[in-house]
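One structure is given below, encoded as structure tokens.
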Amino acid sequence: MLGCARLCMASAVTGFLATYGVDEPAGCYDDLDECDVLIMWGNNPAEMHPVLFSRVIDRRSRGEKLTLIDISTRRTRTTDSCQHYLEMKGHGDLAIANGIAHLLIKNGTYNRKFVESFCSFKAPDDENPNLHGKAISFDDYKAFLEPYTPEYVEELSGVPADQIRMLGDLFGNSDLKITSLWCMGMNQHMRGTAINTMVHGIHLLSGHFGTPGNAPTSLTGQPSACGTVREVGTLAHALPGGRVVADADHRQQSEDFWNVPAGRISATPGYHTVKMWESFCTPTDKGGDIGTIWVQVTNPGQTLPNLNKLFNPKGDDKAGLEDKFLIVSEVYPTATTRLADLILPSSMWVEKNGVVGNSERRTQQWFKMVDPPGEARDDCWQTIAVAHELFKRGADGMKDRDGRFLFEVKKDGKPVPIWDWEHYYDVNVDEHLFEEYRQFTRLKHKDLAPYSEYVKARGLRWPVVETDGQWKETQFRFSEGFDPYVEAGKGIQFYHSSTKDDRGQIWFNPWIAPAEVPDNDYPFMLCTGRVLEHWHTGSMTRRIPELSRAMPGGYVEIHAEDAADYGLRNGDRVRMESRRGSLELPVWIDGRGKPPRGTVFIPFFDETLLVNDLTLDAIDPFSKQPDYKKSAVRIRKV
Ligand SMILES: Nc1nc2c(c(=O)[nH]1)N[C@H]1C(S)=C(S)[C@@H](COP(=O)(O)OP(=O)(O)OC[C@H]3O[C@@H](n4cnc5c(=O)[nH]c(N)nc54)[C@H](O)[C@@H]3O)O[C@H]1N2
Ligand SMILES: Nc1nc2c(c(=O)[nH]1)N[C@H]1C(S)=C(S)[C@@H](COP(=O)(O)OP(=O)(O)OC[C@H]3O[C@@H](n4cnc5c(=O)[nH]c(N)nc54)[C@H](O)[C@@H]3O)O[C@H]1N2
Ligand SMILES: [Mo]
């Protein structure tokens, strides 16, 4: 079964694990109300997190002084609101982060007390590559950073040395409160884990951490990517509550909570998303050992990288795929339902109960508002109904330790036939699932309150701990006075530290070039992403007439001088070609976004113009997340 988290938040997860030993941000949205400086590291919140961004812009309208800095590979609507625009090349962020650390150390403006009390240093272990790398000393760290002078950083990143010095001065000023935000620019990155750790690292090194307004905050893309993916453990290697399948204790704890026989959970992690699809799209006799995939709430036929390799095999490679079976639960016809063998119509969010968890650790609950149309059914019901059908046929996997149906739910002591749609809403299935899951949350101090508290509170940030009969949420994790799990007198305590000494890890990682860079054959760098009007693949938003009229179809943004070189005017059609595929699109010069010379941008919402025919499927070695932001392409006028 598949969701899309690997394509979105995997590098953020590995970045948190490598830094703090536990996933998810320490800060919260209150930081946006408190900070003096807000740095966007290659994300475009004016379009992608517009509600949150308006909270920042409102402060300005009220006359508050706030410095906004956009570090980006192209001008966006976010740039328009920022005092500083630092235009970098792809992967320039690796050099910039090292440049800031270099200056903090060289100028003696790093926070020595914070570092000595709460941090250790790490570098990649080249002999035995692993997420936790190897310990290094402060002197090693200093030596590694030595080459990253502002001038060298300018050479690597394209950002002028003076602007690197400006960042160094800001981080070196302990009177300022600095919040960093990032999203896909840093996660969809061949060194996504590395750059995530490095931005955490400069906040730790400078001590801009753990007080309101001082926070390195990874924004989630999918509104519930924290809750329904990371916390509940739906990545292939994960189990709920921060557990992993590779750990025998974690498997046993999960088997106990679920009351399933010991040994039920396989010790071998499942395939990560890209590998899973490669296997599904490879004939069984050629090693493609996945025969069936059930897709819910994602549209991989449009959103996976390098689609041609997966879904449009040529000649011989096509044979042998006849026995593969694709099940898709969807609300609308999409690029993926077109590939499906079986389509299951699904209810949408307002048509069912739900619980989500957002970027700031806030868990929220809602009740169904309208009935689903026709034969559309809740995804959760579909899962339970299929599980019950398997149970009826005697499948062991659908039985618990006592031989009962895995998803048995009782009311007044009697099981309710929730697999029968007529009875699904006789009980609140969500509440039962939530209470079962709640037991899992304590291991990593991500404690949740009982379901009924969320009905009352409309959202609480974990850890939520009961004190004096009150369920209290946590604004700032690891920080004394806020986080109930920090021991008195500690100040800051990274209580899940990977080095088991309450310390966070400050990483050195070298700059490296992107997996594919422009050359004579493919002279342009292609970045892909989103627009305000559409949600990802546009399956929902393109059906809304106002949005569709405002942003009707795909296009390629190109710099005016590059356009002139190719004799292109606005609206002219071009053929964009990469080593993997080609696509014909209209050009947009000085449009919504403005890519610098030598780069182009294509949004991915238009299912008639699949930009993922062009994108590269290179992945980060630890997070396995693809880099959709850097593919080499060429342009032909048609
Ligand atoms: N309206 C709307 N809002 C959305 C979504 C939507 O589809 N529509 N999707 C949601 C989801 S799931 C997500 S993931 C977010 C995405 O939100 P964002 O990450 O803000 O948006 P993208 O358009 O994916 O990313 C574009 C940015 O990547 C940066 N970039 C390119 N290369 C690099 C690099 O090497 N390093 C760095 N640091 N940056 C680089 C560019 O500067 C560019 O601004 O938006 C969420 N919000
Ligand atoms: N080129 C390129 N590709 C990318 C990215 C990029 O930046 N560039 N970004 C990547 C990222 S960060 C993300 S998050 C992914 C997003 O990739 P996807 O998750 O594949 O994209 P969505 O359009 O959000 O797909 C969700 C689908 O679920 C359906 N749906 C909505 N509600 C329900 C429901 O309740 N039940 C069911 N069963 N279906 C429902 C919608 O109609 C929609 O088709 O794309 C990734 N792909
Ligand atoms: Mo995403």
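What is the residue count in segment 139-196 for residues that are aliphatic (A, V, I, L, M), away from ligand 3 (no atom under 16 Å from the Cβ) and in contact with a Cys (Cβ under 9 Å, 6 or more places away or on another chain)? Can you show your working first?
Of all residues in segment 139-196, those aliphatic (A, V, I, L, M) come to 143, 145, 153, 156, 159, 161, 164, 166-167, 170, 176, 178, 181, 184, 186, 190, 194-195.
If we keep only those that are away from ligand 3 (no atom under 16 Å from the Cβ) as well, we get 143, 145, 153, 156, 159, 161, 164, 166-167, 170, 176, 178, 190, 194-195.
So of that shortlist, the ones also in contact with a Cys (Cβ under 9 Å, 6 or more places away or on another chain) come out as 176, 178.
Qualifying residue count, segment 139-196: 2.
Could you tell me whether any residue of segment 191-200 is more than 14 Å from ligand 2 (Cβ to nearest atom), over 19 Å from Asp30 (Cα atoms), touching an Asp or Glu at 6+ places or on another chain (Cβ under 7 Å) and in a loop (DSSP other than H, G, I, E, B)? Even if it seems obvious, please write down each step before you answer.
As a first pass, look at segment 191-200 and keep what is more than 14 Å from ligand 2 (Cβ to nearest atom): 191, 193-200.
The next check asks that each one be over 19 Å from Asp30 (Cα atoms); those that pass are 191, 193-199.
From what's left, touching an Asp or Glu at 6+ places or on another chain (Cβ under 7 Å): 191, 193, 195.
With the extra rule that they be in a loop (DSSP other than H, G, I, E, B), the set shrinks to 191.
So far as segment 191-200 goes, yes, one or more of its residues are more than 14 Å from ligand 2 (Cβ to nearest atom), over 19 Å from Asp30 (Cα atoms), touching an Asp or Glu at 6+ places or on another chain (Cβ under 7 Å) and in a loop (DSSP other than H, G, I, E, B).
Report whether or not Thr197 is within 16 Å of ligand 1 (Cβ to nearest atom), farther than 29 Å from Lys65 by Cβ, polar (S, T, N, Q) and crowded, with 19+ Cβ neighbours inside 10 Å. Taking the combined requirement at face value, the residue satisfies it.
Might you let me know whether segment 377-390 holds any residue that is assigned to a loop (DSSP other than H, G, I, E, B), buried (at least 19 other Cβ atoms within 10 Å of the Cβ) and under 29 Å from the mean Cα position of the chain (by Cα)? It would help to see each step written out before you state the result.
Initial filter on segment 377-390 (assigned to a loop (DSSP other than H, G, I, E, B)): 378.
Those left that are additionally buried (at least 19 other Cβ atoms within 10 Å of the Cβ): 378.
Next cut, under 29 Å from the mean Cα position of the chain (by Cα) only: 378.
Checked segment 377-390: at least one residue is assigned to a loop (DSSP other than H, G, I, E, B), buried (at least 19 other Cβ atoms within 10 Å of the Cβ) and under 29 Å from the mean Cα position of the chain (by Cα).
Touching a helix residue (DSSP H, G or I) at 6+ places or on another chain (Cβ under 7 Å), farther than 30 Å from Leu433 by Cα and either assigned to a loop (DSSP other than H, G, I, E, B) or among the hydrophobic types (A, V, I, L, M, F, W, C) (or both) - does that describe any residue in segment 229-250? Checked against the condition, which is being touching a helix residue (DSSP H, G or I) at 6+ places or on another chain (Cβ under 7 Å), farther than 30 Å from Leu433 by Cα and either assigned to a loop (DSSP other than H, G, I, E, B) or among the hydrophobic types (A, V, I, L, M, F, W, C) (or both), segment 229-250 yields no hits at all.
The residues listed here are Pro45, Pro124, Pro129; of these, the one that is within 16 Å of ligand 2 (Cβ to nearest atom) and either under 30 Å from Met525 (Cα atoms) or in the same structural domain as His203 (by TED's automatic domain parsing) (or both) is Pro45.
Exactly one of these conditions fails for Pro372: (1) in a helix (DSSP H, G or I); (2) more than 16 Å from ligand 3 (Cβ to nearest atom). Give me its number. If we test Pro372 against (1) in a helix (DSSP H, G or I); (2) more than 16 Å from ligand 3 (Cβ to nearest atom), just (1) comes out false. Quick one: is Phe605 of a type in the set (A, V, I, L, M, F, W, C), buried (at least 22 other Cβ atoms within 10 Å of the Cβ), over 25 Å from Asp521 (Cβ atoms) and away from ligand 1 (no atom under 13 Å from the Cβ)? Against the criterion (of a type in the set (A, V, I, L, M, F, W, C), buried (at least 22 other Cβ atoms within 10 Å of the Cβ), over 25 Å from Asp521 (Cβ atoms) and away from ligand 1 (no atom under 13 Å from the Cβ)), Phe605 does not qualify.
Selection of segment 590-615 for residues being farther than 18 Å from Thr73 by Cα, part of a loop (DSSP other than H, G, I, E, B) and more than 16 Å from ligand 3 (Cβ to nearest atom) yields Asp606, Glu607, Thr608, Leu609, Leu610, Leu614. So, Leu181, is that one in the same structural domain as Phe118 (by TED's automatic domain parsing), more than 11 Å from ligand 1 (Cβ to nearest atom) and surrounded by 23 or more Cβ atoms within 10 Å (Cβ to Cβ) or not? Judged against the criteria, Leu181 is not a match.
Flag set for Leu448, criterion: surrounded by 17 or more Cβ atoms within 10 Å (Cβ to Cβ), in contact (Cβ under 8 Å) with a residue 60 or more places away in the chain, under 26 Å from Arg251 (Cα atoms) and not basic (Lys, Arg). Within segment 522-557, the set of residues being within 13 Å of ligand 2 (Cβ to nearest atom) and part of a loop (DSSP other than H, G, I, E, B) comprises Arg530, Val531, His534, Trp535, His536, Thr537, Gly538, Ser539, Met540, Ile544, Gly554.
In segment 391-441, the residue that is nearest to Gln252 (Cα to Cα) out of those that are touching a strand residue (DSSP E or B) at 6+ places or on another chain (Cβ under 9 Å) and assigned to a loop (DSSP other than H, G, I, E, B) is Leu406. Looking only at residues in segment 285-310 that are among the β-branched types (Val, Ile, Thr) and touching a residue at least 40 places away in the same chain (Cβ under 8 Å), the one that is farthest from ligand 3 (Cβ to nearest atom) is Ile293.
Return yes or no: is Gly598 away from ligand 1 (no atom under 15 Å from the Cβ), surrounded by fewer than 22 Cβ atoms within 10 Å (Cβ to Cβ) and either in contact (Cβ under 8 Å) with a residue 40 or more places away in the chain or farther than 22 Å from His536 by Cα (or both)? Against the criterion (away from ligand 1 (no atom under 15 Å from the Cβ), surrounded by fewer than 22 Cβ atoms within 10 Å (Cβ to Cβ) and either in contact (Cβ under 8 Å) with a residue 40 or more places away in the chain or farther than 22 Å from His536 by Cα (or both)), Gly598 does not qualify.
Checking segment 65-72 against the condition returns a match, with at least one residue being more than 23 Å from Val229 (Cα to Cα), out of contact with any Asp or Glu (no Cβ under 8 Å at 6 or more places or on another chain), surrounded by fewer than 23 Cβ atoms within 10 Å (Cβ to Cβ) and at pLDDT 95 or above.
Here is a check on your reading of the model: is Glu487 surrounded by fewer than 21 Cβ atoms within 10 Å (Cβ to Cβ), outside any loop (DSSP other than H, G, I, E, B) and not β-branched (Val, Ile, Thr)?
Working: surrounded by fewer than 21 Cβ atoms within 10 Å (Cβ to Cβ): yes; outside any loop (DSSP other than H, G, I, E, B): no; not β-branched (Val, Ile, Thr): yes.
It is false that Glu487 is surrounded by fewer than 21 Cβ atoms within 10 Å (Cβ to Cβ), outside any loop (DSSP other than H, G, I, E, B) and not β-branched (Val, Ile, Thr).
Residues in segment 540-570 that are under 26 Å from the mean Cα position of the chain (by Cα) and among the charged types (D, E, K, R): Arg542, Arg543, Glu557. On inspection, Ala215 qualifies as in a strand (DSSP E or B) and either under 29 Å from Asp402 (Cβ atoms) or more than 13 Å from ligand 2 (Cβ to nearest atom) (or both). Total residues in segment 121-160 satisfying the condition of being among the β-branched types (Val, Ile, Thr) and either more than 28 Å from the chain's Cα centre (by Cα) or assigned to a strand (DSSP E or B) (or both): the figure is 2. If the condition is being in a helix (DSSP H, G or I) and surrounded by fewer than 17 Cβ atoms within 10 Å (Cβ to Cβ), then segment 167-178 contributes only Asp169. Pairing residues of segment 172-193 that are of a type in the set (D, E, K, R) with residues that are within 13 Å of ligand 3 (Cβ to nearest atom), at Cβ distances under 9 Å and at least 6 apart in sequence or on separate chains, gives Arg191/Ser11. Residues that are within 12 Å of ligand 2 (Cβ to nearest atom), of a type in the set (Phe, Trp, Tyr) and not in a loop (DSSP other than H, G, I, E, B) within segment 321-355 comprise just one, Trp349. Of all the residues in segment 616-638, those that are within 16 Å of ligand 3 (Cβ to nearest atom) and either farther than 21 Å from Asn187 by Cα or touching an Asp or Glu at 6+ places or on another chain (Cβ under 9 Å) (or both) number 4. Within segment 443-477, being among the basic types (Lys, Arg) and on the phi < 0 side of the Ramachandran plot holds for Lys444, Lys446, Lys456, Arg461, Lys472, Arg477. The single condition among (1) within 15 Å of ligand 1 (Cβ to nearest atom); (2) crowded, with 20+ Cβ neighbours inside 10 Å that Pro223 does not satisfy is (2). Annotation for segment 502-518: no member residue is free of Cβ contacts under 8 Å to residues at least 60 places away in the same chain and surrounded by fewer than 17 Cβ atoms within 10 Å (Cβ to Cβ).
The values are calculated or read from the model by the stated rules, or taken from the named source; none is laboratory data. Bear in mind that the values here come from a model prediction, so they are computed numbers and not experimental data. Counting neighbours? That spans all protein chains shown, and the Cβs are built from the backbone with ideal geometry, glycine included.
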